[in-house]
Amino acid sequence: MRVGVVFPQTEIAPDPAAIRDWAQAVEGLGFDHLIAYDHVMGANTASRPDWNMPYTHDTPFHEPITLFSFLAGVTRTLELASGIIILPQRQAALFAKQAANADVFSGGRLRLGFGIGWNQIEYEALGAPFAQRGARLDEQVDLLRKLWTGQPITYDGRFHKVTDAGINPPPVRKSIPVWFGGTSEASKDRVANTGDGWIPVLPADRAQEAVADMRERVTRAGRDPDSVGIDNIIFVGATLGGPVRTPEDAAADHAQWRQAGASHVTLHTMGAGLKTGDAHIEYLRRFKAAIG
């Protein structure tokens, strides 16, 4: 099972040297991948007293593709994964180009997680419709995969039109793995039907059930269940309202997901009282020691 970490965007200085040092330390500890979250806009809660969502305009976020383009130059082995990019907010053809560039710069180390999101304020600011975003996502993924071949295409879809045109350079493998986040029925069916993998956020006591269910869905879709990865996010802080957990607690979760047959797990260390990049790295060092 491959083990990664979430980029601690809310608890690391917006300083290129600090981000470089953190990423290189993660790589030096032998982690396989890092996941970066995605939000473009944050709501000002001063004008929204009933706001109860996790992020605001005070929450720092780096845009994943530009972050990955930077990290591509300062790391050598880490897979760079989004978890998740809200694709329906973006222009598909432009995103295809940006992602292909990041993949080229990293030597083919890019993995993309997509979802439909929840933030109507963000959709409005980006000039994208909030309704029908699931259908839009499905068509965008189809279009991206065709554009990433590097060949000119003609595409006449419900939301997108391309007339005998293409992008250059294409991704290193002429494709980029596409994973989906979410635990709704629609999200899980999207994974089973067209995804290369699934990024759930579930407690470890649901690992066996979740992995078995996804394998069954993939099989019903006529696909090989071993071809679809599962990368669960393990939260160790109080982000989701639970207690702060030790590296040994996280290692116990890792063992349950490994026993269940997940292909990946990713450690989310924000919200655990770690104030610096070095503190996050020390937690990760203890976690690595706990899993052996």
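The values are calculated or read from the model by the stated rules, or taken from the named source; none is laboratory data. This structure is a prediction, so every number in the text was calculated from the model and none was measured. Note that we place each Cβ from the backbone using ideal geometry, even for glycine, and neighbour counts take in every protein chain shown.
When you go through A131, A102, A81 one by one, which is the residue that is touching a strand residue (DSSP E or B) at 6+ places or on another chain (Cβ under 9 Å) and free of Cβ contacts under 8 Å to residues at least 40 places away in the same chain?
A102
Working only within segment 110-127, note down all residues that are of a type in the set (F, W, Y) and surrounded by fewer than 24 Cβ atoms within 10 Å (Cβ to Cβ).
W118, Y123
Taking G237, is it more than 18 Å from D32 (Cβ to Cβ), surrounded by 14 or more Cβ atoms within 10 Å (Cβ to Cβ), under 23 Å from the mean Cα position of the chain (by Cα) and of a type in the set (G, A, S)? Walk me through it before giving the result.
Numbers: more than 18 Å from D32 (Cβ to Cβ): yes; surrounded by 14 or more Cβ atoms within 10 Å (Cβ to Cβ): yes; under 23 Å from the mean Cα position of the chain (by Cα): yes; of a type in the set (G, A, S): yes.
Judged against the criteria, G237 is a match.
Is it the case that some residue within segment 46-68 is among the small types (G, A, S) and in contact (Cβ under 8 Å) with a residue 24 or more places away in the chain?
no
Can you find even one residue in segment 38-51 that is in a helix (DSSP H, G or I) and within 28 Å of E185 (Cα to Cα)?
Scanning segment 38-51, I find no residue that is in a helix (DSSP H, G or I) and within 28 Å of E185 (Cα to Cα), so the answer is no.
Just a yes or no: is a residue in segment 98-108 within 18 Å of the chain's Cα centre (by Cα) and exposed (fewer than 15 other Cβ atoms within 10 Å of the Cβ)?
Checked against the condition, which is being within 18 Å of the chain's Cα centre (by Cα) and exposed (fewer than 15 other Cβ atoms within 10 Å of the Cβ), segment 98-108 yields at least one hit.
Of everything in segment 217-228 that's of a type outside the set (K, R) and touching a Lys or Arg at 6+ places or on another chain (Cβ under 9 Å), which residue is nearest to F180 (Cα to Cα)?
V228
Which count do you get for residues in segment 176-187 that are part of a loop (DSSP other than H, G, I, E, B) and either surrounded by fewer than 16 Cβ atoms within 10 Å (Cβ to Cβ) or in contact with an Asp or Glu (Cβ under 8 Å, 6 or more places away or on another chain) (or both)?
4
Could you please find all residues in segment 63-85 being of a type outside the set (D, E, K, R) and within 19 Å of I116 (Cα to Cα)?
P64, I65, A81, S82, G83, I84, I85, listed by residue number.
Return yes when F105 is farther than 30 Å from R48 by Cβ and at pLDDT 95 or above and no when it is not.
yes
Taking the stated definitions as given, is G273 in a loop (DSSP other than H, G, I, E, B), free of Cβ contacts under 8 Å to residues at least 12 places away in the same chain, out of contact with any Leu (no Cβ under 7 Å at 6 or more places or on another chain) and farther than 30 Å from Q140 by Cβ?
no
Checking the condition out of contact with any Phe, Trp or Tyr (no Cβ under 7 Å at 6 or more places or on another chain) and at pLDDT 95 or above, which residue from A13, A36, A23 passes?
Matching residue, one of A13, A36, A23: A23.
Of (1) closer than 17 Å to E27 by Cα; (2) touching a residue at least 24 places away in the same chain (Cβ under 8 Å), D253 satisfies all except one. Which?
Only one criterion in (1) closer than 17 Å to E27 by Cα; (2) touching a residue at least 24 places away in the same chain (Cβ under 8 Å) is unmet by D253, namely (1).
So for segment 86-96 (the condition being of a type in the set (A, V, I, L, M), surrounded by fewer than 19 Cβ atoms within 10 Å (Cβ to Cβ), part of a loop (DSSP other than H, G, I, E, B) and out of contact with any strand residue (DSSP E or B) (no Cβ under 9 Å at 6 or more places or on another chain)), does at least one residue qualify?
For segment 86-96, residues of a type in the set (A, V, I, L, M), surrounded by fewer than 19 Cβ atoms within 10 Å (Cβ to Cβ), part of a loop (DSSP other than H, G, I, E, B) and out of contact with any strand residue (DSSP E or B) (no Cβ under 9 Å at 6 or more places or on another chain): absent.
Looking only at segment 220-252, how many residues end up being assigned to a loop (DSSP other than H, G, I, E, B) and over 18 Å from F7 (Cβ atoms)?
Qualifying residue count for the region: 12.
Answer yes if at least one residue in segment 229-248 is closer than 18 Å to T183 by Cα and acidic (D, E), and no otherwise.
So far as segment 229-248 goes, yes, one or more of its residues are closer than 18 Å to T183 by Cα and acidic (D, E).
Restricting to segment 188-209, name every residue that is closer than 25 Å to R133 by Cα and surrounded by 20 or more Cβ atoms within 10 Å (Cβ to Cβ).
Keep residues of segment 188-209 that are closer than 25 Å to R133 by Cα, which gives 188-202.
Listed by number, the residues that qualify are K188, R190, V191, A192, G195, G197, W198, I199, P200.
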